[in-house]
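The values are calculated or read from the model by the stated rules, or taken from the named source; none is laboratory data. Predicted model only: the values in this text are computed from it and were never measured. Methodologically, a virtual Cβ is constructed for each residue, glycine included, from the backbone with ideal geometry; neighbour enumeration extends over all protein chains shown.
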Amino acid sequence: MKNLKHAQIEHGKITPENVQYYKDFGYLIASNLLSQQEIVELKQETAQIFRGNRGKIDGLAEVSPLDSDSDVLKKYVAIHFPHKISSVIKSYLSHKKVTAVLQKIVSENVKCMQSMLFVKAPGKQGQSWHQDEYFIPTRDKSLVGAWIAIDDATIENGCLWVIPGSQNPGSIKRRVKNEDAAYADLETLDISEYDEKDIIPVEVKSGSVVFFNGYLYHSSLKNKTENNFRTALVNHYMSAESMLPWDQDGKLPATEDLRDIVMVAGKDPYAHKPIVDVNQPYLRQAKVKSKLDGNYEN
Ligand SMILES: O=C(O)CCC(=O)C(=O)O
């Protein structure tokens, strides 16, 4: 593996070596990119969202004012599209320190099409090996996840794992049935061609941001702790130049360009087309749908 000292963006300043590292290995860590004040704000907002105070979401349980935030949050894995109901989360999509990195590794012109807010309560399973471009296909392979650690992410509480360089073939790998109980998903990638040493945990402190390429193989394990949440806000971005043929596995009508986007930097070349509001926030199910056989369990 190449010189790992370039793996980190220091003090929020991205260097040409960082950009090269991202190209070579498909991910990049920016430690302390967000301040602890911002992290407190995100944590408080997370509790408000799951308490139902930012709007109704199917499946959210009734909350008594006597319930602590932990009592509420311990039932959940994640909510998709929280920025649709929370102006605080929406404001973080365009966090200046995040977009400054994106403009170096994606394009001068960047749009966001998805947010996910994980709490990953103790005992909750992780996400099996996957490539995000399988789910969110861009036309120019520009998809990037910006994974904001709100809590410290550790091996114990289910941090991300990545296979550095696995984005390089630039193709979508075949998905197979998942047999590992650590993961909630019914499918996974066959990673048997890789050695254990090729697979690394991404343990980061709260306030750090992990940027990762849409073709990178990544996963996360179960939260094995008794009391620690693993809260993370993951926002997905792509170049504004690429149209987005994303039908969300058939949930939305097929389209050449899903315009449910938020521009976060630069100019929108498709500004003549209206922005739409079709994605609704929803809770992530304990077991996630399989495209292989159509099984769907809650
Ligand atoms: O945070 C996690 O546990 C998984 C996140 C992930 O796989 C993703 O954002 O694509």
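Within the span defined as region 124-141, every residue fails to be over 18 Å from D260 (Cβ atoms) and among the aliphatic types (A, V, I, L, M). Residues of region 254-294 being among the acidic types (D, E) and modelled with pLDDT of 95 or more, which ones? Scanning region 254-294 gives E256, D257, D260, D268, D277. If you filter region 66-84 down to residues that are away from the ligand (no atom under 16 Å from the Cβ) and not in a helix (DSSP H, G or I), you find that the one that is surrounded by the most Cβ atoms within 10 Å (Cβ to Cβ) is K74.
Of the residues making up region 271-282, those that are in a loop (DSSP other than H, G, I, E, B) and either under 17 Å from P82 (Cα atoms) or touching a Lys or Arg at 6+ places or on another chain (Cβ under 7 Å) (or both) are K273, P274, I275, V276, D277, V278, N279, Q280, P281.
Note on region 71-98: residues that are in contact with a helix residue (DSSP H, G or I) (Cβ under 9 Å, 6 or more places away or on another chain) and over 20 Å from P281 (Cα atoms) total 2.
Suppose we filter region 208-224 for residues that are under 17 Å from K43 (Cβ atoms) and either assigned to a loop (DSSP other than H, G, I, E, B) or within 10 Å of the ligand (Cβ to nearest atom) (or both); how many remain?
2
Out of the residues in region 101-135 that are under 16 Å from N213 (Cα atoms) and of a type in the set (A, V, I, L, M), state the one that is surrounded by the fewest Cβ atoms within 10 Å (Cβ to Cβ). Among residues in region 101-135 that are under 16 Å from N213 (Cα atoms) and of a type in the set (A, V, I, L, M), the one surrounded by the fewest Cβ atoms within 10 Å (Cβ to Cβ) is I105. Which one of these does I89 not meet: (1) within 22 Å of A240 (Cβ to Cβ); (2) touching a Lys or Arg at 6+ places or on another chain (Cβ under 8 Å)? Unmet for I89, out of (1) within 22 Å of A240 (Cβ to Cβ); (2) touching a Lys or Arg at 6+ places or on another chain (Cβ under 8 Å): (2). Residues in region 262-286 that are surrounded by 12 or more Cβ atoms within 10 Å (Cβ to Cβ) and either among the aromatic types (F, W, Y) or more than 30 Å from A121 (Cβ to Cβ) (or both): M263, A265, G266, D268, P269, Y270, I275, V276, Y282. Restricting attention to region 225-246, which residues are within 18 Å of the chain's Cα centre (by Cα) and either in a loop (DSSP other than H, G, I, E, B) or within 16 Å of the ligand (Cβ to nearest atom) (or both)? Those that are within 18 Å of the chain's Cα centre (by Cα) and either in a loop (DSSP other than H, G, I, E, B) or within 16 Å of the ligand (Cβ to nearest atom) (or both): F229, R230, T231, A232, L233, V234, N235, H236, Y237, M238, L244, W246.
Among the residues of region 183-212, those identified as more than 23 Å from Y22 (Cα to Cα) and loosely packed, with under 15 Cβ neighbours inside 10 Å are D190, S192. The residues of region 85-94 that are surrounded by 20 or more Cβ atoms within 10 Å (Cβ to Cβ) and more than 16 Å from the ligand (Cβ to nearest atom) amount to a single one, S86.
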